[in-house]
Each structure stands twice: as C-alpha cells, then as structure tokens.
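Below is one structure; the comments refer to it alone.
The values are calculated or read from the model by the stated rules, or taken from the named source; none is laboratory data. None of these values were measured; they are calculated from a predicted model. Cβ coordinates were reconstructed from backbone atoms using ideal geometry, including for glycine residues, and neighbour counts include every protein chain displayed.
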Amino acid sequence: MMQGWYWDYPKNGCNSYTGSSWAADMAARALAQKNAGFTMMWMPPLAKASFGDCSNGYDPKDLYDYGQRSGQTGVGTGAEVQAWVAALAANTIYPVADVVYNHRDGGDWGRQLRRPGLRPQLPQRCRVRRFPGNALSVEWQNALPAPAGRQ
C-alpha cells in the first residue's frame, strides 16, 4: 500500500501554489505506481472541509461532498477525484479512503438529512469483502430502518 499524500501536499491557491491538483498529479502517476508494485492507494481525506480548500481534510464539513457539488476540495475537483479513482482502477490499484467519522466540524446537518438515500444519523454496521490479492473493501450499511418520512 502506498500513502497517497503527505501533510503539506500542494493545494491550488494555498501557500502561493498554483498548478495542477493533487488528484490530477496522482492520476497521472498511476501507471508508474503500478509498475513499482503498489496494489493499494491510501487516499487523503476527500471531503469538503471547514477550513476550506487549504485544509488537509481532518475537519470535514460535508462527508458526502468530495468536490462534485462545491467545486473542489484541497485534493481537487470532483471530476479530478473521480479521474484519480478511475486511473487507479485501470491500473488494478485499489483505493483506500482515509475517513474518520467522528471528525466532524460544521456542515448543515438538516441539509445532509434531506439527501436521498443518505442517513448519517443512524448507527451503521460494516461489511468487509476480500478481493484477489487480499485487497479489502469496507461497505457501510445502515443498521436501523430510516425514520418515517426519511426514506
């Protein structure tokens, strides 16, 4: 597994950096990472952060927005993050998300509850699946039925 970022990775518009996003840079390096023998990529926190686009992501404001709704996060735009994941998949590298659910910092709780199919207020259970090469996938499922009117 490769750690796909470091603490002060360059973020567009932060600390005088202007250039391509981290997601775009890493997507361009996927083939080299495969050739180096990596089969899993530990990705940085992708969620929109309270500190803004210069954040390292450990202050998530919206766990369900990785740039596809707000335009971008410190990692890149939603399209760039999707392209990074696609580049990993094309090179048989499994993405591993860095997510700490109890790290919450702001956000519009009511707005999140109105999103179809998302019920973050419910206790969850996870299902772990093993893939060829011992790669793991963790899928979170709601442990309780949705409250009335929240289907």
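Which residues, taken from region 22-53, are among the polar types (S, T, N, Q) and out of contact with any Phe, Trp or Tyr (no Cβ under 7 Å at 6 or more places or on another chain)? Spell out the reasoning first.
Keep residues of region 22-53 that are among the polar types (S, T, N, Q), which gives 33, 35, 39, 50.
Once the filter is applied, which keeps residues that are among the polar types (S, T, N, Q) and out of contact with any Phe, Trp or Tyr (no Cβ under 7 Å at 6 or more places or on another chain), region 22-53 yields Gln33, Asn35, Ser50.
What residue, among those in region 37-87 that are more than 10 Å from the chain's Cα centre (by Cα) and among the basic types (Lys, Arg), is farthest from Trp7 (Cα to Cα)?
Arg69
State whether one or more residues within region 65-75 are in contact with a Leu (Cβ under 6 Å, 6 or more places away or on another chain), at pLDDT below 80, assigned to a loop (DSSP other than H, G, I, E, B) and surrounded by 14 or more Cβ atoms within 10 Å (Cβ to Cβ).
yes
Go through region 46-88 and report how many residues are at positive phi and of a type in the set (Ser, Thr, Tyr).
0
Yes/no matrix, rows are residues, columns are (1) among the charged types (D, E, K, R); (2) in a loop (DSSP other than H, G, I, E, B); (3) in contact (Cβ under 8 Å) with a residue 60 or more places away in the chain; (4) over 14 Å from Val85 (Cβ atoms):
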{"residue": "Lys11", "(1), (2), (3), (4)": "yes, yes, yes, yes"}
{"residue": "Cys14", "(1), (2), (3), (4)": "no, yes, yes, yes"}
{"residue": "Tyr17", "(1), (2), (3), (4)": "no, yes, no, yes"}
{"residue": "Ser20", "(1), (2), (3), (4)": "no, yes, no, yes"}
{"residue": "Gln33", "(1), (2), (3), (4)": "no, no, yes, no"}
{"residue": "Gly37", "(1), (2), (3), (4)": "no, yes, no, yes"}
{"residue": "Asp53", "(1), (2), (3), (4)": "yes, yes, no, yes"}
